[in-house]
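**Q** For reference, the structure I am asking about is given below.
The values are calculated or read from the model by the stated rules, or taken from the named source; none is laboratory data. As the structure is a computational prediction, the values presented were derived from the model and not from experiment. All Cβ positions, glycine included, derive from the backbone under ideal geometry; neighbour counts span all protein chains shown.
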Amino acid sequence: MTTRSRSLPWLCVATVAVAASCGDPGSSAAPSALGSDVRSIVAERNLSEADVQAAVQTYMPTGRHDDYYTFASGGHGGNIIVIGVPSMRILKYIAVFTPEPWQGYGYGDESGDVLKAGDRAGTTLTWADTHHPALSESGGDYDGRYLFIGDKANPRMAVIDLRDFMTKQIVASELLQSEHGAAFVTPDTDYVIETSQYPAPLGGRFAPLEQFDTEYRGAMIFWKFDKEKGRIVEDQSFAIELPPYMQDLADAGKKGSDGWVFCNSINTERAWGGILEGKPSLESGSTQNDMDYLHCINWRKAEQVAKAGKTETIAKMRVIRMQTAIDEGLLYLVPEPKSPHGVDITPDGEDIVVGGKLDTHCTVFSIAKIRALAEQKKFIGRDPYGIPILDFKESIRGQCEIGLGPLHTQFDGQGNAYTSVFIESVVAKWSLKDLKLIDKIDTHFNIGHLCAAEGDTVSPDGKYLIAMNKWALDRFAPVGPLLPQNFQLVDIGGQKMTRLYDMPIPLGEPHYAQMIKADKLKPIEVYSPIGTNPFHEGVDKDAVTAGKERIERKDDGVHVWMTTVRSHFTPDIVRVKEGDVVHLHVTNVEQAHDATHGLAIGSHNINLSLEPGKHSNVVFTAKRAGVYPFYCTEFCSALHLEMAGYLLVEPR
Ligand code: K7E
Ligand code: CUA
């Protein structure tokens, strides 16, 4: 364990206070002997000075809020975990690609339509593999308005509104069959980027593996984002066809490099396995070359090319074909050390740091050098598809010896970079200026990504870093063979890094997170005006006000306009006939902060979360005659249990 040789002045102060209070005969009921208590607790619990220091740095007294929000992907959970820093308290799970009962996400109301838009190939998906959340940016800085995340397994992109922490949109393109370089935003969130990982014929067609080189492709999708509406505009989005290498992570240029996007690739060998067919496995076939290719894409130029109509439509997506991208000078390759992984642009927008999984270095590419070579058409050759290749040595500023297996890099705004080193299980701190190693701290264990405060912006904060470790091994009480991952909070405020907190993550493998200053977010407290539908614009056309509740039979079924208020539903009896289609329009007419009601209808898989002011619409068929109690699923008042009613389905 690393210890910090800082003394604890407060202990001395407390000791003085104890001495003073003990000397006062009239103070038997006065404050307890805090100093000696703390000391005995520290001794009893066998804590070191560094442990106490870490506890004090992360402890939040009741009611005090954290300085930062961290938005971590929930991995297999298909959701997002919201974590307060430095306390590492979980504040919320945001349901994204998977139904979530408490939030009523996917249990009756319009959230089901959001989820349904993510169906692929006619299949309803109930899981996702979320990797990289991306906060919306303005001028290269997190603006606290939106959050995006993709699904590696089933290429989809989600938009989350940070006013109410709800997923508002999911778009899915059949162009890709897997993705990984997602989500990444351009510095003003004009586009949200989603890049394929495992090549496949574009658009979901079949082609045999023997036609891998000619028929299989990668692609980078630029989802157009409308910041005012808070939605992706599908018909203004476009894609660029890429060669059948395995494109990996991506990052968008900023400041001087705004307009460019950079993407790693692995498997430039174009291996596709075949262990039982006498071919080398993918892992060996894909690691033959000494260099893979960094893809450099001029997206501003690409946007113009797409606008000029030089595209082909595949699976409803406008695609700039590879030859067009070459002819228009918007796609270049630069060799990068074998099996790269992280690609991270420095806060000044001048360099790209690439980590090589099978290398010991971080390679620092100079974007100015890359652009100059591209402009001068100084190519060392072309790949099998005719894409120009720039010279490696002439593209880089240098390399920093890091350790075994450098992956991802974050920044602190003080000119330092922090790189996760997977095989060595450390975070390495190094200087961007002279590319020299400064410090290393152990992680437990096998760190993947790391996330620094405002670490992907033009002005990182430093202060905190979270090491997102894959393995937890002995860190927590055993829970059987499947272990949680381990987030470790690290203090990066000083010259040397110190570890502050271990947090188990028990719902999936998170991969990446972003940390934003808490005061940048302005979440709403209630939906206002009353009747707001979070999935539509403004007040719902079927919003109900007190006194206007009613039940009407119409051509399309039975419509119920209902209100909720502590502690009753109006109406509280709903009579329908077996086989009726029931349209529920429910408004929570409360405006008191936290006065949330639920509406559960047994045996119908319906559970709504009705936050104050919210309106929800539900359509269901009363398939079976019977008596179904419905009730409120949030403990909203002393008479919450009495907040109930009956759905009576009369036999035909
Ligand atoms: Cu390194 Cu998906 Cu960003 Cu995992 S990826 S660690
Ligand atoms: Cu409303 Cu419980």
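**Q** Within segment 379-387, is there a residue that is acidic (D, E) and free of Cβ contacts under 8 Å to residues at least 24 places away in the same chain?
**A** No - not one qualifying residue is present in segment 379-387.
**Q** Regarding A95, is this residue outside the structural domain of G493 (by TED's automatic domain parsing), closer than 24 Å to H449 by Cβ and crowded, with 21+ Cβ neighbours inside 10 Å?
**A** Judged against the criteria, A95 is not a match.
Per-residue answers, yes or no, for (1) charged (D, E, K, R); (2) modelled with pLDDT of 95 or more; (3) in contact with a Pro (Cβ under 6 Å, 6 or more places away or on another chain); (4) away from ligand 2 (no atom under 16 Å from the Cβ):
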site	(1), (2), (3), (4)
H295	no, yes, no, yes
K301	yes, yes, no, yes
A315	no, yes, no, yes
R318	yes, yes, no, yes
S339	no, no, no, yes
D344	yes, yes, no, yes
K357	yes, no, no, yes
V364	no, yes, no, yes
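**Q** So, restricting to strands (runs of 3 or more DSSP E) that lie completely within segment 562-652, which ones have at least 1 residues that are surrounded by fewer than 17 Cβ atoms within 10 Å (Cβ to Cβ) and free of Cβ contacts under 8 Å to residues at least 12 places away in the same chain?
**A** Passing ranges: none, list empty.
**Q** Here is a list: A472, A453. Which entry is under 18 Å from D141 (Cα atoms) and either buried (at least 24 other Cβ atoms within 10 Å of the Cβ) or modelled with pLDDT of 95 or more (or both)?
**A** Among A472, A453, only A453 is under 18 Å from D141 (Cα atoms) and either buried (at least 24 other Cβ atoms within 10 Å of the Cβ) or modelled with pLDDT of 95 or more (or both).
**Q** May I pose another question? For residues in segment 429-453 being within 16 Å of ligand 1 (Cβ to nearest atom) and assigned to a strand (DSSP E or B), which is farthest from the chain's Cα centre (by Cα)?
**A** This residue is I447.
**Q** With R566, R652, R624 as the choices, which residue is modelled with pLDDT under 95 and either at negative phi or within 11 Å of ligand 2 (Cβ to nearest atom) (or both)?
**A** Step by step, each of R566, R652, R624 is checked, and only R652 is modelled with pLDDT under 95 and either at negative phi or within 11 Å of ligand 2 (Cβ to nearest atom) (or both).
**Q** Right, next: Can you pull out every residue in segment 119-175 that is β-branched (V, I, T) and touching a residue at least 12 places away in the same chain (Cβ under 8 Å)?
**A** Listed by number, the residues that qualify are T126, T130, I149, V159, I160, T167, I170, V171.
**Q** For D456, which of the numbered conditions (1) part of a strand (DSSP E or B); (2) within 16 Å of ligand 1 (Cβ to nearest atom) fails to hold?
**A** Here D456 meets the rest and fails (1).
**Q** May I ask you to list the residues in segment 135-157 that are outside any loop (DSSP other than H, G, I, E, B) and either acidic (D, E) or more than 14 Å from I221 (Cβ to Cβ) (or both)?
**A** Within segment 135-157, L135, S136, E137, S138, D141, Y142, D143, G144, R145, Y146, L147, I149 qualify.
**Q** Restricting the search to segment 332-374, which residues are outside any helix (DSSP H, G or I) and of a type in the set (D, E, K, R)?
**A** Passing the criteria: E336, K338, D344, D348, E350, D351, K357, D359.
**Q** Test of understanding: among E590, E578, which residue is within 15 Å of ligand 2 (Cβ to nearest atom) and in contact with a Lys or Arg (Cβ under 9 Å, 6 or more places away or on another chain)?
**A** Exactly one residue qualifies, and that residue is E590.
**Q** Hey, another quick one. Can you give me the number of residues within segment 176-194 that are surrounded by 23 or more Cβ atoms within 10 Å (Cβ to Cβ) and either over 19 Å from L249 (Cβ atoms) or more than 15 Å from the chain's Cα centre (by Cα) (or both)?
**A** 3
**Q** Still on this model: Taking segment 97-134, which residues are within 26 Å of L249 (Cβ to Cβ), not hydrophobic (A, V, I, L, M, F, W, C) and not in a loop (DSSP other than H, G, I, E, B)?
**A** R120 - this is the single residue of segment 97-134 that is within 26 Å of L249 (Cβ to Cβ), not hydrophobic (A, V, I, L, M, F, W, C) and not in a loop (DSSP other than H, G, I, E, B).
The rows are residues; the columns are (1) buried (at least 20 other Cβ atoms within 10 Å of the Cβ); (2) aromatic (F, W, Y); (3) in contact with a Leu (Cβ under 9 Å, 6 or more places away or on another chain).
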{"position": "Q323", "(1), (2), (3)": "no, no, no"}
{"position": "P340", "(1), (2), (3)": "yes, no, yes"}
{"position": "D344", "(1), (2), (3)": "yes, no, yes"}
{"position": "C362", "(1), (2), (3)": "yes, no, yes"}
{"position": "I367", "(1), (2), (3)": "yes, no, no"}
{"position": "L373", "(1), (2), (3)": "yes, no, yes"}
{"position": "K377", "(1), (2), (3)": "no, no, no"}
{"position": "I389", "(1), (2), (3)": "no, no, yes"}
{"position": "G398", "(1), (2), (3)": "no, no, yes"}
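**Q** Being in contact with a His (Cβ under 6 Å, 6 or more places away or on another chain), under 26 Å from D556 (Cβ atoms), of a type in the set (S, T, N, Q) and more than 16 Å from ligand 1 (Cβ to nearest atom) narrows it down to one of N617, N607, so name that one.
**A** Residue meeting the stated conditions: N617.
**Q** Between residues in segment 393-416 that are over 22 Å from Y464 (Cα atoms) and residues that are of a type in the set (F, W, Y), which pairs lie under 6 Å by C-beta distance while being six or more apart or on different chains?
**A** These pairs meet every condition: S395/F365; I396/F365; C400/W430; G405/F422.
**Q** Among the residues of segment 149-187, write down those that are of a type in the set (G, A, S) and in contact with a Lys or Arg (Cβ under 7 Å, 6 or more places away or on another chain).
**A** G150, A172, S178
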